[in-house]
Structure formats: C-alpha cells, structure tokens
Amino acid sequence: MSALLMLPVAASAGHWVYQSDSTLRWHDDGRYLHLAVDKRGGVDVLGVTPAGLWGLTEGDTIVQADGRPVTDVAGLLTALRVHGETPLPLVVRHAGVELGMLLASEARTLVAMHQPAAPSAASPGPANAVPGHLVFQSDNSLRWSSEGRRLHLVTSKGKDGVDVVALEPESLWGLAKGDRILAIRGEPTHNVAELLGRLGASGDAPIPLTVRRGDTEQTIQLAAGAHELVAGAAPVSPPSPPPATKAH
C-alpha cells in the first residue's frame, strides 16, 4: 500500500529547531512537524499539522527511507537531502502494521534552507567545523562553528543570563570562556533565544554587553562579526503544537 500527498511549496523559509540527531521540530505558516527517535527503533511522528502533511500521520514510526533502515532523525534528513527532487519512499509502522508510502517531495523544505548536523560529543572542536554550520538546540543552548571558530552558549542554570561554555579562538568577538552574559544594551538577557533575538535586531554595529567575568561585572563591546550567529535564517524556538480543530 502506498500513498502520495502533493502540497504546494511554501513561499516563505521555514522556522525550525533542530535539537540533536534525535529530535526535529519545524513550523512554517501554520504547518507543524515534530519528529523524535523511537527507543524501539525508527523515528516517531509525534505531531503533524495539518493531518496528513506530506503523507505523514501522527503516530507513524518511520522505519525505512529509500530502502534503508532509519535509526535517527539525522539519518532521515540525510536520506531526504540526497534522494533528489522526487518523493522519498518510506516504510512506516502505524498501529503495529508496516506500510509503504511516498513522502511528498515538498518535504525537502526541511533541508532546503539549512543542512544542520549535531556536533560530535567526542570532538566538538574545529575539526568538525563546517562553514556557516549552526545548531540551535532550544531556547537554552547554541552551538556554532565556522572555519575553525566555534562558540557554545547555554542558559545559566538557576540564574538569569547566558554562559559562554566554550569558544575558539580565545576572546572571539570580545567574549571569554566563563563569561556570563547578563544584559544586552542594558536590557537583561534571560536565555539564549532572547540573546539571539536581540542580536538580530541590533543592526551591524558593535553591541554593548554586560557580563560577569570572574567576580566582577563589566561592560564589553561584542564585535559586529557576532552577527554571523543570526545571519540568514535565524532559528527560533518551536511554537506549541496548534490545537486540534473539530471537523464540521
């Protein structure tokens, strides 16, 4: 049994959050998709709006793509990326039954704007850097690398602010490892998403940051080059799944 659902290509770039090899949340113009690795194998479709988007159904578990087993979200996105412009053959498990289907070619919008990949936990440094490579995991964490430079930010645990966990080279854009970013242009910064949003809205000039460095608070100028973090498609945290609507 196979199914093919053809939908018009969206004109706007998708807003999405790619959290790791294991999770993808995507939202664009009222459409929503949430994928996560199934502990029993495959990738679960945890949320999809509208129902049947690209041929997918909430409760599906994708177990094969293009004739090969699917073990995680990254592998599914890779299969989608390399398959080409035609619908992607999938095998999905739904209610205990495995069925063949075709994922509509419009699903390539998931990988058309960006080609994200989670950094290696074993060696997240410059050896893995890809020019312009950006992984925005959630409101609370950002990993970025480009041409030997890298930056890892996380929302401070139990306190307002954003911690600079790692960066290369030393003092990239005026930051230092161990800094806690407390404010941007005097306005408190509570999490990574807020920091990126303000950075994206601040123009191209250097930006005054209030940071705690060691035991003291000080103001530094974040170099204009830091706008690379939000150049192009600035990632945003996923909205809550749209509420179900009753059929009339």
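Bear in mind that the values in this text are calculations on the coordinates, not laboratory data. Quick caveat: nothing in here was measured; it's all calculated off a predicted structure. Virtual Cβ from ideal backbone geometry, glycine too; neighbours counted across all protein chains shown.
Based on alpha-carbon atoms, the Kirkwood radius and the radius of gyration of segment 140-193 give Rg/Rh equal to 0.97.
Taking amide hydrogens as placed 1.01 Å from N in the peptide plane, the amide H of VAL70 sits under 5 Å from those of GLN64, ALA65, each at least 5 positions away in sequence or on another chain.
Between segment 42-56 and segment 58-100, how far is it from one alpha carbon centroid to the other, in angstrom? For segment 42-56 versus segment 58-100, the Cα centre distance is 11 Å.
Full extension from ALA51 to HIS190: what is 0.36 nm times the residue separation minus their Cα-Cα distance, to one decimal in nm?
46.5 nm
Put simply, when 72-80, 84-92 are sorted by average Cβ atoms within 10 angstrom per residue, most first, you get 72-80, 84-92.
Put simply, segment 25-73 fits an ellipsoid with semi-axes of 20, 11, 9 Å; these come from the alpha carbon gyration tensor as the roots of five times its eigenvalues, largest first. Taking one quarter of the surface of the C-alpha convex hull of segment 179-223 gives a mean projected area of 2.9 nm².
In segment 51-116, Cα pairs under 8 Å separated by at least six residues give a relative contact order of 35 percent. Within the straight-line cut-off of under 16 Å between alpha carbons, the aspartates and glutamates reachable from LYS159 are ASP139, ASP179, GLU187, GLU194, ASP215, GLU217, sequence neighbours fewer than 8 places apart in one chain being disregarded.
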